[in-house]
Amino acid sequence: MQATDTLRNEHLGVLTVLDHLDRAAAAAERGARVPTDVFADIQEFFSVFVDRCHHGKEELEVFPRLIPRGPAGLVQRLEADHTRGRQLAAAYASAARAYDPGQVEAGRRLAAAARDYAAFLREHIALETEELFPAMESALAPDDRALSEAFERLEVERIGPGTHERLHGMIDGLGPRIDPWTTARGH
C-alpha cells in the first residue's frame, strides 16, 4: 500500500533524526559546545514533521477510517501514545530552549529529555510497524488511493508547500553540523 509506504518512509526520517539527536545530546552532556540551533532545528522537526504532519495523517485520515473496521483498541493506544509524545516533545523543547552550550548541567537536562523522547518515539514506531501497518494493509487497501491523496493534501494544508523538502534538507545537513562536536576536538 502506498499509504503505509509513505508512513514507513517518514519513520525512517524520524529514526535518522533520532540517531543525530543521540549523538548531539551525548556531546552536550559531556560539555561540548554544540550550537543551540542544532537542537532548535531538531525541535522544529519534531513539532512540524512528527506531530503536525506524520501524526496528523494518522489522526485525521487513518484512525477515522480504521475505527469502523475493528481495531478501535489499537487506535486508542496510538492516540494515547500521541498525547504522551506531545508531553515528551514539550519537555525536550523546554530543555532545548534552556540549553547553554558548554554548561554540563544544561547539557545533562537536555540529554535526559532527548533520551526520553527518543526512546518513546522508537517504541511508538515499533508499535506502528508491528500493528498499525498490518491493520491498515488489511482493512484499508481498497481506500489506498484516497488515503494517499488525503496525505498529500494534509501535508500542504498542515505544514505548507515545500516544508517537507526543507525539513529533509535539514535532516541531510545534521550529520556535518554535529560531527565536530562528537570528537575530542569538539569538547
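Across region 101-120, what is the total count of residues that are in contact with a Gly (Cβ under 7 Å, 6 or more places away or on another chain) and either among the acidic types (Asp, Glu) or assigned to a helix (DSSP H, G or I) (or both)? I'd like the intermediate steps shown before the answer.
Our first condition is that a residue be in contact with a Gly (Cβ under 7 Å, 6 or more places away or on another chain); within region 101-120, this holds for 102, 104, 107, 120.
Checking the rest, the ones that are also either among the acidic types (Asp, Glu) or assigned to a helix (DSSP H, G or I) (or both) come to 104, 107, 120.
Matching residues across region 101-120 total 3.
In region 138-187, how many residues are assigned to a helix (DSSP H, G or I), over 25 Å from residue 58 (Cα atoms) and either touching a residue at least 12 places away in the same chain (Cβ under 8 Å) or of a type in the set (A, V, I, L, M) (or both)?
Adding up the residues that qualify gives 7.
Quick one: which of 108, 52 is surrounded by 15 or more Cβ atoms within 10 Å (Cβ to Cβ), within 25 Å of residue 173 (Cα to Cα) and within 13 Å of the chain's Cα centre (by Cα)?
Values: 108 fails: within 13 Å of the chain's Cα centre (by Cα).
Step by step, each of 108, 52 is checked, and only 52 is surrounded by 15 or more Cβ atoms within 10 Å (Cβ to Cβ), within 25 Å of residue 173 (Cα to Cα) and within 13 Å of the chain's Cα centre (by Cα).
Residue check: is residue 38 over 22 Å from residue 97 (Cβ atoms), over 13 Å from the mean Cα position of the chain (by Cα), modelled with pLDDT of 95 or more and among the aliphatic types (A, V, I, L, M)?
no
Got at least one residue in region 116-131 being modelled with pLDDT of 95 or more, buried (at least 19 other Cβ atoms within 10 Å of the Cβ) and small (Gly, Ala, Ser)?
Yes, region 116-131 contains at least one residue that is modelled with pLDDT of 95 or more, buried (at least 19 other Cβ atoms within 10 Å of the Cβ) and small (Gly, Ala, Ser).
Restricting to region 65-81, and then to whatever is among the charged types (D, E, K, R) and farther than 17 Å from residue 137 by Cα, can you tell me which residue is farthest from the chain's Cα centre (by Cα)?
So, considering only residues that are among the charged types (D, E, K, R) and farther than 17 Å from residue 137 by Cα, the one farthest from the chain's Cα centre (by Cα) is 77.
Does region 82-90 include one or more residues that are within 22 Å of the chain's Cα centre (by Cα), over 25 Å from residue 155 (Cβ atoms) and hydroxyl-bearing (Ser, Thr, Tyr)? First the steps, then the outcome.
Going residue by residue through region 82-90, those that are within 22 Å of the chain's Cα centre (by Cα) are 82-90.
Restricting the remaining residues to those that are over 25 Å from residue 155 (Cβ atoms) gives none.
No.
So which helices (runs of 4 or more DSSP H) stay within region 1-77 end to end and still have 2 or more residues that are of a type in the set (Val, Ile, Thr)?
In region 1-77, the matching helices (runs of 4 or more DSSP H) lie at 2-29, 36-44.
Residues of region 31-50 being farther than 17 Å from residue 124 by Cβ and among the polar types (S, T, N, Q), which ones?
Scanning region 31-50 gives 36, 43.
Could you say whether any residue in region 79-100 is hydroxyl-bearing (Ser, Thr, Tyr), in a loop (DSSP other than H, G, I, E, B) and crowded, with 17+ Cβ neighbours inside 10 Å? Write out each step before concluding.
Step one: list which residues in region 79-100 are hydroxyl-bearing (Ser, Thr, Tyr), which gives 83, 92, 94, 99.
If we keep only those that are in a loop (DSSP other than H, G, I, E, B) as well, we get 99.
Checking which are crowded, with 17+ Cβ neighbours inside 10 Å leaves us with 99.
Yes, region 79-100 contains at least one residue that is hydroxyl-bearing (Ser, Thr, Tyr), in a loop (DSSP other than H, G, I, E, B) and crowded, with 17+ Cβ neighbours inside 10 Å.
The values are calculated or read from the model by the stated rules, or taken from the named source; none is laboratory data. The structure displayed is predicted, hence computed values, not measured ones. Counting neighbours? That spans all protein chains shown, and the Cβs are built from the backbone with ideal geometry, glycine included.
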